[in-house]
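Below: the structure, in structure tokens.
The values are calculated or read from the model by the stated rules, or taken from the named source; none is laboratory data. Only a predicted model underlies this, so the values are computations on that prediction, with no experimental measurement involved. Every residue, glycine among them, receives a Cβ derived from its backbone with ideal geometry; neighbour counts consider all protein chains shown. Remember, those area values only see protein heavy atoms, side chains included, never the ligands or the DNA or RNA. Shrake-Rupley method; radii C 1.70, N 1.55, O 1.52, S 1.80 Å.
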Amino acid sequence: MCDLSKEIIVFLTIEESKYEFFGDEKWWIKVYFLTDIFELLNKLNTSMQGRNENILISCDKILAFNKKLIL
């Protein structure tokens, strides 16, 4: 979605959309941040799935993810 932000703005401008926040740079920065966080959460989630995964390895991955977020 973030790769298409300029195209979305152009489309909504042409369509005379009532959603004015699409032109707000601060709003897009928040969207980019959330996109990055959810991408990392998705990678964590998929890494904790599988036949060879157990609770100890999953806990280690979650703790490592939390430490990375603090940085």
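Name the residue, out of Leu12, Leu56, Leu44, whose mean-square fluctuation peaks in a Gaussian network model built on the chain with Cα pairs under 10 Å.
Sorting by GNM fluctuation, first place goes to Leu56.
Run the numbers for Ala64 and Phe11: contour at 0.36 nm per residue of separation, minus the present Cα-Cα distance, in nm. Could you put the intermediate results ahead of the total?
Numbers: separation 53, 0.36 × 53 = 19.08 nm, distance 4.09 nm.
Full-extension gain reported as 15.0 nm.
Rounded to whole Hz and in sequence order, give me ³J(HN,Hα) for the range 36-41 from the Karplus expression 6.51 cos²θ - 1.76 cosθ + 1.60, θ = phi - 60°, writing x for Gly and Pro.
Per-residue couplings from phi come out as 5, 5, 5, 5, 5, 5 Hz.
Determine the calculated [θ] at 222 nm for the chain from helices alone, applying -39500 (n - 2.57) to every DSSP H run no shorter than 4 residues and normalising by the residue count; nearest 500 deg cm²/dmol. Before the final figure, lay out the partial values.
Working: 3 runs with 49 residues, N = 71.
The per-residue figure over the chain is -23000 deg cm²/dmol.
So, for the chain, what is the accessible surface per residue at a probe of 1.4 Å, expressed in square angstrom? Could the numbers behind the result be given before it?
Values: 6430 Å² over 71 residues.
So the chain comes to 91 Å² accessible per residue, rounded to a whole number.
Picking from Ile37, Ile14, Ile57, which is most flexible by a Gaussian network model of the chain using Cα springs under 10 Å?
Ile14
At most 10 other C-beta atoms within 10 Å and a DSSP loop state: those are the exposed trypsin sites (Lys or Arg not before Pro) I care about. Give me the longest piece of the chain that has none. Before the final figure, lay out each step's value.
On the way: sites that count: Lys18, Arg51.
That would be 19-50.
Check each of the GluC sites (Glu not before Pro) in the range 1-46 and keep only those in coil by DSSP with at most 13 other C-beta atoms within 10 angstrom; list them in order.
Glu15, Glu16
Based on Cβ point charges of +1 for Lys and Arg and -1 for Asp and Glu, what charge dipole magnitude is obtained for the range 4-71 about its Cα centre, in debye rounded to the nearest 20? Numbers along the way, then the final one.
On the way: 9 positive and 10 negative charges, 96 e Å.
Magnitude of the dipole: close to 460 debye.
Which aspartates and glutamates, on any chain, are close to Lys26 with Cα under 19 Å apart, when same-chain ones fewer than 8 places away are left out?
The reachable aspartates and glutamates, counting only those whose Cα sits under 19 Å from Lys26, are Asp3, Glu7, Asp36.
How large are Rg and Dmax for the chain when only the alpha carbon atoms are used, in Å?
Every Cα atom of the chain included, Rg and Dmax give 18.0, 53 Å.
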